[in-house]
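This is the structure I want to talk about, given as C-alpha cells.
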Amino acid sequence: MSDKWKMRKRPARLERRINFSDYEQTREFLEKAAELAEREGYFPDMSFSRTHVSITLHAQEEGGEEVSEDILRYARQMDALVPAHPE
C-alpha cells in the first residue's frame, strides 16, 4: 500500500487524495475504480473534481476500530490504478 494513504480512527478508515494533470486522467482513473468496485463488491466513498479524486475506505464492520486486511488489500489495488505520474 502506498504511503499516500492516511490512516484515520473513529471511525477507522483510510483516506487518499490523488491529483491528476487533466480531466482525461481523472476520468480514466474513475472508470478503472468503478470496475474494481464491481469486481470486489466494495464501494468506497469517492468525490472528485476535474483534476483530483478523494477516496475514503471505511472499515468493513460497522463501528470497527481497525482497518481490515481486506481494506488494505483494496487500497493496494487502488494504488495500482494510479498512473505513474498523476500530478
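No lab work stands behind these numbers, since they all come straight from the coordinates. If you're wondering where the values come from, they're calculated on a predicted model, not measured in any experiment. Note: ideal-geometry Cβ built from the backbone for every residue, glycine included; neighbour counts use all protein chains shown.
Which of the aspartates and glutamates could a cross-linker bridge to Lys4, judged by Cα under 19 Å and excluding same-chain residues fewer than eight apart?
Once the sequence-local aspartates and glutamates are set aside, what remains near Lys4 is Glu15, Asp45, Glu66, Glu69, Asp70, Asp79, Glu87.
For the chain, find the longest principal axis of its Cα atoms and tell me its angle to the long axis of helix 23-40, 0 to 90°, nearest 10.
For 23-40 against the chain, the angle is about 40 degrees.
Still on this model: Can you tell me the 0 to 90 degree angle between the C-alpha axis of helix 69-81 and the longest principal axis of the chain, rounded to 10?
0
Right, another one. Could you line up Ile55, Ile71 from fewest to most neighbouring Cβ atoms inside 10 Å?
Ile55, Ile71
Could you rank the peptides 38-46, 18-26 by their average count of other C-beta atoms within 10 Å per residue, with the highest value first?
18-26, 38-46
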